[in-house]
Amino acid sequence: MATEKVVERILAQRPDITRDQLEDMINKKRETSGDLLSVEGAAHLVAQDLLVATGEKKTEGLQISDLIPQIGDATLATRVIAVWPKQNFKRKDESEGTFVRLLLGDNTGTISCLVWNSEVVKTFQEKDFEGKIAAVSHGYTRQGLSEKVELHIGNRGSISLLPDDKATDIPSVDSFVNPLNKISDELDTVSIQGTIKTTPIVSSFETGGAAGTVLRMLVEDDTSVINVVAWNEKVEELKTSRIGDDIRILNGSVRKTSDRQFEVHLDKRSLVRLLNKADRRSTSESFKALGDVKPTNEPVSVIGQLLSSEPVREIKTKSGETIRVSSILIGDPTGVILATLWRDNSALVETAKRGSTIQIQHSRVRERLGELTLDVGQSAKVVVSTGKEAMTSFDHLPVTKISQLKRETRPVVVEGIVAEEPSMKTIELKNGNRTRLASFRIGENGHAVRVSFWGDQAELTVPLKVGDKVRIIGARVKEGFTDKWELHSNRLTRLELVRKGNVETGSIQSSDSILS
């Protein structure tokens, strides 16, 4: 009902009030609400205060944006977005009752609604109301525990279904779904819909002496991918989900991670609806070759051979939390790449052996200072294969010729003949720390490059002699001071002796003959 019709009905039933006086009442009602009420909503509330009936059922009266705390009689038409299972509660007199929680929406917003009317609750069926248009009559509002307005249906109130043609301006359920690329920390709660992209990973935790469980998985829609984190009760609902299942998540909360990514968290007030089950026979994973890994916002799955690893270390986050992290170098016939393993995934380095085949599912690609790495967080899954078959899966790593060295976004594999014995020295870094540096040159078909091994890695070069053929796995290519390019080690670089000069060649070659 338009504002003018409400005003005319009030004036018709209350001739003792002038239009100016009525307009003043409506304006004061809006001011009292902090201007949160629309003019029409304020007019309806004034009518209620004056005990004026403004319509038969008043299904087109208040809108959700008009609802503020302490409204004593609210009637509106709305979409029932979600229905929670019935819950029991205990009254002050120790008697027990049952209530139903709903999520309602119209084209102005959403609101939580609690149905207390025992007669309504007794016959209330989720399947009859969820997704349908309903009329709420004689409800009242209160400020909830989260300081948001809640709509309540008590013994005087009711909720009934309406035909769709009675409220054509009420949006469909899909209209209340937030696109993943629009998720931000400006949204307290969200509803999302998409396809599960990763196998749910369940882990246990203990806090304050109480044990709990948490589940992580990635969900994708047409716009983006987001990490979904379910806690305790919701873990049981989601742990049997599979890749490819289509789900709708209602009333999730938005959280921002330490690396500025958004997550949707589910607790007991969230709802999960399975819309479509994926074919349980067709959930195979799509793996990228390491050489094809490019910067992307999409999760990436790869398979590689474990070439080297570093021990688990602990770091402290900005929030003060101490977490475990480790790094590995993996390779396949198309390239090598560094991967950082976080939290539970870091334990891989304690059991996996060099040469094992590593499957990393749903990692994130990070680019820092021009170098790509894989970020293997809690939503990623790591599977390790060992044994003879795994050891021979990727025997042939791609070797970059010295003559073809250029700036790369990932480490490289280079082979060459040692042209000069490594020189060892201690240098002082910019931060004041001192470290060991071993430097030497290797050559191949008339081309040469200087190689620098840093820190503990410098000791790897001690046995090398002129004429030895070496393979350097996982070196970084950097611009040199005297040569165009140089090779530098990192903490995961490997140095392999392919053959000794005096064994394969019969004599040690001079540096001049190696480079000629």
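At a glance:
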| read-out | value |
| --- | --- |
| Residue 376 at pLDDT below 90, touching a helix residue (DSSP H, G or I) at 6+ places or on another chain (Cβ under 6 Å) and more than 14 Å from residue 334 (Cβ to Cβ) | no |
| In the stretch 206-241, residue surrounded by the most Cβ atoms within 10 Å (Cβ to Cβ) [restricted to those that are part of a helix (DSSP H, G or I) and either of a type in the set (Val, Ile, Thr) or free of Cβ contacts under 8 Å to residues at least 24 places away in the same chain (or both)] | 235 |
| Residue among 248, 242, 260 that is modelled with pLDDT of 90 or more and of a type in the set (D, E, K, R) | 248 |
| Residue match in the stretch 263-274 (condition: more than 22 Å from the chain's Cα centre (by Cα) and of a type outside the set (Gly, Ala, Ser)) | no |
| Filtered residues of the stretch 42-70 (kept if modelled with pLDDT under 85, charged (D, E, K, R) and surrounded by 21 or more Cβ atoms within 10 Å (Cβ to Cβ)) | 58 |
| All strands (runs of 3 or more DSSP E) inside the stretch 71-174 with 3 or more residues being loosely packed, with under 12 Cβ neighbours inside 10 Å | 87-90 |
| Entirely in the stretch 398-460, the strands (runs of 3 or more DSSP E) that have 1 or more residues that are surrounded by fewer than 17 Cβ atoms within 10 Å (Cβ to Cβ) and either touching a strand residue (DSSP E or B) at 6+ places or on another chain (Cβ under 9 Å) or among the hydroxyl-bearing types (Ser, Thr, Tyr) (or both) | 423-428, 434-444, 447-454 |
| Any hit, the stretch 105-117, residues being of a type in the set (Gly, Ala, Ser), out of contact with any Gly (no Cβ under 8 Å at 6 or more places or on another chain), closer than 24 Å to residue 176 by Cβ and at pLDDT 90 or above | yes |
| Conditions (1) more than 21 Å from the chain's Cα centre (by Cα); (2) surrounded by fewer than 16 Cβ atoms within 10 Å (Cβ to Cβ); number of the one not met by residue 368 | (1) |
| Single condition residue 326 does not satisfy, out of (1) in a helix (DSSP H, G or I); (2) in contact with a Ser or Thr (Cβ under 7 Å, 6 or more places away or on another chain); (3) of a type in the set (S, T, N, Q) | (1) |
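The values are calculated or read from the model by the stated rules, or taken from the named source; none is laboratory data. Values in this document were obtained by computation on a predicted structure and should not be read as measured data. Ideal geometry is used to build each Cβ from the backbone, glycine not excepted, and the neighbour counts take in all protein chains shown.
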